[in-house]
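What follows is one structure encoded as structure tokens, with my remarks underneath.
The values are calculated or read from the model by the stated rules, or taken from the named source; none is laboratory data. Predicted, not measured: the structure shown is a model, and the values here were computed from it. Here the Cβ positions follow ideal geometry from the backbone for every residue, glycine too, while neighbour counts run over all protein chains shown.
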Amino acid sequence: MRKGEQRFALTCCAPATAVVALITFYPVAYAIVLSAYRTSFARVQGYVGLGNFVRLLHDSTILQSIGRTLTFVFSSVALSMALGYAMALLLNQDLPAKGLIRAIVVAPWVIAEVSAAIAWRWLLDPGLSPVMVALRSWSMPNLDFLSHPTWAMIAVIAVGVWRFYPFPMILLLAALQAIPREIDEAAAVDGASLWKRLLYVTTPLVRGSLLVSTILSTLFYFNKIVVPLVLTGGGPGNATELLTIRLYREAFYGGNLGYAAAISCLILLINALVSLLYFRVLRIEEGHA
């Protein structure tokens, strides 16, 4: 491409790039600035500098929320990536009615998140769900998942994975379909088993897509609020109160927008550190490859 054409292309892209940059970075910058102030709903009351972050460090409930968030995020990422990769491998095969199967598998991602969370809350309610009523009629114990701290977290993780796993599945399926079949066939001719072909041939070829899917899944789960908020509201007690729910409560119930902004900065920092960790692991693996 000539320099004149390149300048013309950059000029055409500049307005859209500026708008995207403004939409992306202005809220982040505003949150960082707001975290330095004490607020009461939309009214700024005074400058506190790092006061909100000092409060974060001394807030034991925030530390507990961080622990619950990390448990939720890494459990959800591991399960959704494993399920998404397994389903991608399955859909990459020559199956009958492949189009119908793909439509069914992708359905959780298409359904509105609020509607899905409400439906699952109804299904897990022992007094309303026909499934729970049927289980009790068969002399099964009364299973109230959302009233038990451990089971409530398991339910939030399970529903979140069910809702999100089609996303990594689609990315990984696209990567699998880009692999020439001759490579797998050559490995099979050389005597490699199905497991060895998956481990040493297929997976290394989709490593980049696995990394991208893992990073995007991690960011998604760190910022997830709809499913846990609708499903449990952070309860029972504070058993499922993630950082996003705590942020929501501080901002919209307590009116502490400055403190909520400090929590959002904490979430941003954790996201950045985890993403850098993923990239470092990938570089180490590439160095040994």
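For (1) among the small types (G, A, S); (2) over 20 Å from A117 (Cβ atoms); (3) in contact with a strand residue (DSSP E or B) (Cβ under 9 Å, 6 or more places away or on another chain); (4) assigned to a loop (DSSP other than H, G, I, E, B), each residue gets a yes or a no:
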{"site": "G208", "(1), (2), (3), (4)": "yes, yes, no, no"}
{"site": "V212", "(1), (2), (3), (4)": "no, yes, no, no"}
{"site": "L229", "(1), (2), (3), (4)": "no, no, no, no"}
{"site": "G237", "(1), (2), (3), (4)": "yes, no, no, yes"}
{"site": "E241", "(1), (2), (3), (4)": "no, no, no, yes"}
{"site": "A260", "(1), (2), (3), (4)": "yes, yes, yes, no"}
{"site": "I263", "(1), (2), (3), (4)": "no, yes, no, no"}
{"site": "L269", "(1), (2), (3), (4)": "no, yes, no, no"}
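Give the number of residues within region 42-64 that are in contact (Cβ under 8 Å) with a residue 40 or more places away in the chain and in a helix (DSSP H, G or I).
7
Working carefully through the options L205, L173, L219, find the one that is among the hydrophobic types (A, V, I, L, M, F, W, C), under 30 Å from L266 (Cβ atoms) and modelled with pLDDT of 85 or more.
On the way: L205 fails: under 30 Å from L266 (Cβ atoms); L173 fails: under 30 Å from L266 (Cβ atoms).
Of the residues listed, the single one that is among the hydrophobic types (A, V, I, L, M, F, W, C), under 30 Å from L266 (Cβ atoms) and modelled with pLDDT of 85 or more is L219.
Yes or no: region 7-14 includes at least one residue that is on the phi < 0 side of the Ramachandran plot and in contact with a helix residue (DSSP H, G or I) (Cβ under 8 Å, 6 or more places away or on another chain).
No, every residue in region 7-14 fails to be on the phi < 0 side of the Ramachandran plot and in contact with a helix residue (DSSP H, G or I) (Cβ under 8 Å, 6 or more places away or on another chain).
Examine region 10-31 for a residue that is farther than 30 Å from L199 by Cα, among the hydrophobic types (A, V, I, L, M, F, W, C) and not in a helix (DSSP H, G or I), and state whether such a residue exists.
No, because not a single residue in region 10-31 is farther than 30 Å from L199 by Cα, among the hydrophobic types (A, V, I, L, M, F, W, C) and not in a helix (DSSP H, G or I).
For A107, which of the numbered conditions (1) among the small types (G, A, S); (2) part of a helix (DSSP H, G or I); (3) at positive phi fails to hold?
Of the numbered conditions (1) among the small types (G, A, S); (2) part of a helix (DSSP H, G or I); (3) at positive phi, the odd one out for A107 is (3).
Which of (1) over 30 Å from W122 (Cα atoms); (2) not in a helix (DSSP H, G or I) is the odd one out, the single condition A186 does not satisfy?
Answer for A186: the failing condition is (2).
Every residue, every condition in (1) in contact (Cβ under 8 Å) with a residue 12 or more places away in the chain; (2) loosely packed, with under 11 Cβ neighbours inside 10 Å; (3) β-branched (V, I, T); (4) closer than 17 Å to F53 by Cα, yes or no:
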| position | (1), (2), (3), (4) |
| --- | --- |
| F8 | no, no, no, no |
| C12 | no, yes, no, no |
| A18 | no, yes, no, no |
| Y37 | yes, no, no, yes |
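What are the pairs, 6+ residues apart or on separate chains, where a residue within region 87-100 that is within 23 Å of V161 (Cβ to Cβ) has its Cβ under 7 Å from a residue that is polar (S, T, N, Q)?
N92/Q177
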